[in-house]
Amino acid sequence: MSKRLDRIFSQPAKGKTRLIAYLMAGDPTPETTLRRLKGLADYGVDVLELGVPFSDPIADGPVIQSAGERALKGGMTLVKTLEIVREFRVLHETPVLLMSYLNPLLRYGWGKFVKDAVEAGVDGLILPDLPWKEGTNLRTETKRLVGTQLSFIPIVAQTSQEEDLLELSIGSQGFIYVLSRNGITGGEAEISAKVTGFINGLKQHTQLPRCVGFGIQTAKQVHCLAEYCDGVIIGSAIVRQFSELDKKELSELELRKGETEILEWVAEINSIK
Amino acid sequence: MTTSSIDPVMKIEGRTAGRFGDFGGAYVPEILVPALRELAKAYESAQKDEAFQLEFKDLLQNYVGRPSLFYHAERLSKHLGGAEIYLKREDLNHTGAHKINNTLGQILLAKRMGKSRIIAETGAGQHGVATATACALFGLKCVIYMGEEDIRRQHLNVLRMRLLGAEVCSVTIGSRTLKDAINEAMRDWVAHVEDTFYCFGTAAGPHPYPTIVRDFQTIIGEETRRQALKELGRLPDTLIACVGGGSNAIGFFYPFIEDQGVKLIGVEAGGKGDAIGEHASTLTLGDPGVLHGSYSYLLQDDDGQIMMTHSVSAGLDYPGVGAEHSYLKEIGRAEYVRVSDIEAVRATQILCQTEGILPALESAHAIAHAVKLAPHYGPSHVIVVNLSGRGDKDVETLEEYMERGEYHE
Ligand SMILES: Cc1ncc(COP(=O)(O)O)c(C=O)c1O
């Protein structure tokens, strides 16, 4: 896997656990996204997940759907998303994963995409409409072109069965993205004994770190999950707070102050002082 | 577009389940993988189960009213002055379209799988009505997703669904048509996959839907074949069907695919023009990509975003298409053409006035192509048009055209 990503999981967590934060690229502008990515990294976020907007996001709830709509309305594209990563890389070593539906990547051309992504400083891919067993060709081709510089992050659901998990353990890298529940992004997940049992059970199938996402939005959830897994992913809760800020008519100074408060909240829920 | 438009990384070697050449597959969230596998297994066992097949056949005969008529449209043929035109009368099915063939099959599967809640998307409302009907017949809870724009223009069908006891959920995001209704239904399924069966309405979507839907609709082509042999003593020369997601067309074409002498023509919605957002001509103007779980032709912009579409007929207003049609196009076995809104409206008028039959606006696209084609042939050429549905649902849309004076030639 990419060195940057490897480093995160081979070292102890800075806070309660490793925190992975999501932003939609270009919501509301590429400049704002870049500034907020840097902010999240500076406030102790371990891994950044950058969404590529898509017109038909079937795995996303209302918060991320709206973020994607705003980004597309502002003219956001895959090319501009890679540009954000390139600029972020000038000063930051925090790993960046692209979260994208397949079609924009296929349209760009897979071979060109993986080379450009690595060159820009992307460390891995989370592809919500590519189940592991459909991805064999794409993974083989990616490995041929860029080796292990680009990790495919597998997604595991509680509906996944023995045979799915067995396939996952072959050729996966980085960490596995464990869904806290069946459903789309957003809302609030209940961390039940069933969920923690499922997370624990995954150890039988994989040595990879397990990070849990979907519906994580409180310090209590983070602290509880920290006992069972290697990291948590926070998406909609961050996107929603930034978008509420963007809705207000604020001076530049007020906007920055609001952003800092959100960044402090992110650090705080992972107990980073 | 030629084969070169397929990204080499999407090439599939050998024959794989759920693939039509390089097209098809199941590009869905991981959560749905076990559900689709369970569905494929249930379908496989149902196919081998005689009791299931008998129950399905019995429903088609005694509830839907099959076989549907193979009707010689003599006055229409005379009016056009060329080929002889026959109509496969799917409009005479219970609930008024071909959709019921597929929904009854899928609801029987749902029952077999022990699912208690049924969800479906609908564009024109015909699949919604057919699903609500089958759910009423089997006492199952039914939720239908429908775009706000389609709820407006297919209001009659919304009322029918509600009368049948279904809950109709208005989809108010994106283009507010069929594409967005499918997005919402998928999101619902992801969240309720344990007890919910997704009754998919067309031959698109992830594997195994394109195969299941095709098989349940193949009755259209099988009957047509039998009826043509009986009444004409031979196979037809040309088959014409409209293509939205492609279910009526694939069910009509499938039993004829090996008969190279039979020309297969799919008709897409040409809408108002060639510009982005003015049409829904997926196979004729699109490129391959991934939408709604399948690798197939679709209408997309240079960044891979799905385009807005337009068609006077809600059932054809869709930027994707079933993977098997992409394959038939790629290998040159079927031809795909487009018909504009106005041509479809005029064809509706012609069929009404020559034969006393009011076609659905979707089906009117197929009629319109027959209207164009017939004069190029003599009476020894037999064209069969699949009249996929009746037009009662479209009278308000037609009235708008009449009032705007765009109805007459
Ligand atoms: C009467 C009728 N014909 C055709 C269609 C198009 O669907 P398909 O291409 O799946 O047959 C519809 C869809 O709603 C319809 O209602």
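If you run the Gaussian network model on chain B, springs between alpha carbon atoms under 10 Å, then out of B:Gly244, B:Gly266, B:Gly21 the most flexible one is B:Gly21. In whole angstrom, the protein assembly as shown maps to an equivalent ellipsoid with semi-axes of 48, 25, 23, each derived as √(5λ) from the alpha carbon gyration tensor and ordered largest first. For the residue pairs A:Lys247/A:Lys273; A:Lys80/A:Lys247; B:Lys88/B:Lys263; B:Lys57/B:Lys111; A:Lys203/B:Lys41; B:Lys48/B:Lys88, the C-alpha atoms sit more than 18 angstrom apart in A:Lys247/A:Lys273; A:Lys80/A:Lys247; A:Lys203/B:Lys41; B:Lys48/B:Lys88. Each 5 Å bin, from zero up to the one with the longest distance, holds this percent of the alpha carbon pairs of the stretch B:63-212: 2, 10, 18, 20, 18, 12, 8, 6, 4, 2, 1, 0.
In sequence order, the stretch B:81-88 has phi-based couplings of x, x, 4, 8, 10, 10, 10, 8 Hz under the Karplus curve 6.51 cos²θ - 1.76 cosθ + 1.60, θ = phi - 60°, and Gly or Pro positions carry x.
Partner shielding of A:100-112 amounts to 6, given as the average count of beta-carbon atoms from other chains within 10 Å of each residue beta-carbon. Taking B:Lys141, B:Lys11, B:Lys263 in turn, the Gaussian network model of chain B (Cα-Cα springs below 10 Å) assigns the largest fluctuation to B:Lys11.
Can you compute the helix-only [θ] at 222 nm over chain A? Use -39500 (n - 2.57) per DSSP H run of at least 4 residues, normalise by all residues, nearest 500 deg cm²/dmol. After summing the helix terms and dividing by residue count, I get -14000 deg cm²/dmol.
Compute, for the stretch A:3-269, the length of the dipole vector about the Cα centre, with Cβ point charges of +1 (Lys, Arg) and -1 (Asp, Glu) only. Units Debye, rounded to 20.
Dipole about the Cα centre, nearest 20: 480 debye.
The string of couplings for the stretch A:185-200 from the Karplus curve (6.51, -1.76, 1.60, θ = phi - 60°) is 5, x, x, 10, 8, 9, 8, 8, 4, 5, 5, 5, x, 4, 4, 4 Hz, one whole number per residue in order, with x for Gly and Pro.
When chain B is described by a simple charge dipole with +1 on each Lys and Arg Cβ and -1 on each Asp and Glu Cβ, the residue from B:Cys169, B:His192, B:Ile107 located farthest towards its positive end is B:Ile107.
Which is farthest toward the positive dipole end of chain B among B:Ser5, B:Ala323, B:Ala132, measuring Cα position about the Cα centre, with Cβ charges +1 (Lys, Arg) and -1 (Asp, Glu)? Selected residue: B:Ala132.
Out of the stretch B:213-258, which GluC sites (Glu not before Pro) are coil in DSSP terms and have no more than 13 other C-beta atoms within 10 Å?
B:Glu258
Computed over neighbours whose Cβ is under 10 Å from that of A:Pro57, the net charge equals -3, Lys and Arg +1, Asp and Glu -1. In straight-distance terms, cross-link reach from A:Lys143 covers every one of the lysines whose alpha-carbon lies under 23 Å from its own, apart from those fewer than eight places away in the same chain; here that gives A:Lys3, A:Lys112, A:Lys115, A:Lys133, B:Lys11. Exposure proxy for A:Ser236, A:Ser151, A:Ser271: other Cβ atoms within 10 Å of each Cβ, ordered fewest to most, give A:Ser271, A:Ser151, A:Ser236. For A:Ser151, the residues 5 or more places off, or on other chains, whose built amide H falls under 5 Å of its own are A:Ser2, A:Gly124, A:Leu125. In this rough spin-label picture, where each label sits 7 Å from Cα along the Cβ direction, the A:Lys115-A:Leu166 distance is 3.8 nm. Summarising the amide proton neighbourhood of B:Tyr145: residues at separation of 5 or more, or on other chains, whose placed amide H is nearer than 5 Å comprise B:Ala120, B:Glu121, B:Thr122, B:Cys169. Counting only DSSP beta bridges with both residues in the protein assembly as shown, the antiparallel share comes to about 20 percent. Going by neighbour counts of Cβ atoms within 10 Å, the residues B:Val339, A:Val79 line up, fewest first, as A:Val79, B:Val339. Converting phi to 3J(HN,Hα) with the Karplus coefficients 6.51, -1.76 and 1.60 and the offset θ = phi - 60°, the stretch A:89-100 yields 5, 4, 10, 10, 9, 4, x, 10, 10, 8, 10, 9 Hz in sequence order, with x at every glycine or proline. Using the Cβ of A:Lys220 as centre and a radius below 14 Å, the other residues enclosed give a net charge of -3, where K and R count +1 and D and E count -1. Amide hydrogen proximity for A:Glu49: with H placed 1.01 Å from N in the peptide plane, the residues at 5 or more positions away or on another chain lying under 5 Å are A:Ala21, A:Tyr22, A:Leu23, A:Leu97. Think of each Lys and Arg Cβ as +1 and each Asp and Glu Cβ as -1; about the Cα centre, that makes the dipole of the stretch B:359-406 roughly 380 debye.
DSSP bridge analysis restricted to chain B gives an antiparallel fraction near 30%, rounded to the nearest 5.
Listed as lacking a disulfide-compatible partner in the protein assembly as shown: A:Cys211, A:Cys224, A:Cys229, B:Cys169, B:Cys199, B:Cys242, B:Cys352, by the criterion of no other cysteine Cβ under 4.7 Å.
Of all the options B:Ile220, B:Ile173, B:Ile383, the one that moves most in a Gaussian network model of chain B with Cα springs shorter than 10 angstrom is B:Ile173. Remark: the B:Glu258-B:Glu74 segment gains 63.4 nm on full extension, using 0.36 nm per residue and subtracting the alpha carbon distance.
Every read-out reported here was derived from the displayed coordinates using simple, explicitly stated rules and does not represent laboratory data. Keep in mind the model is a prediction, meaning the values are calculated, not measured. All Cβ positions, even for glycine, are placed from backbone atoms using ideal geometry, and neighbour counts span all protein chains on display.
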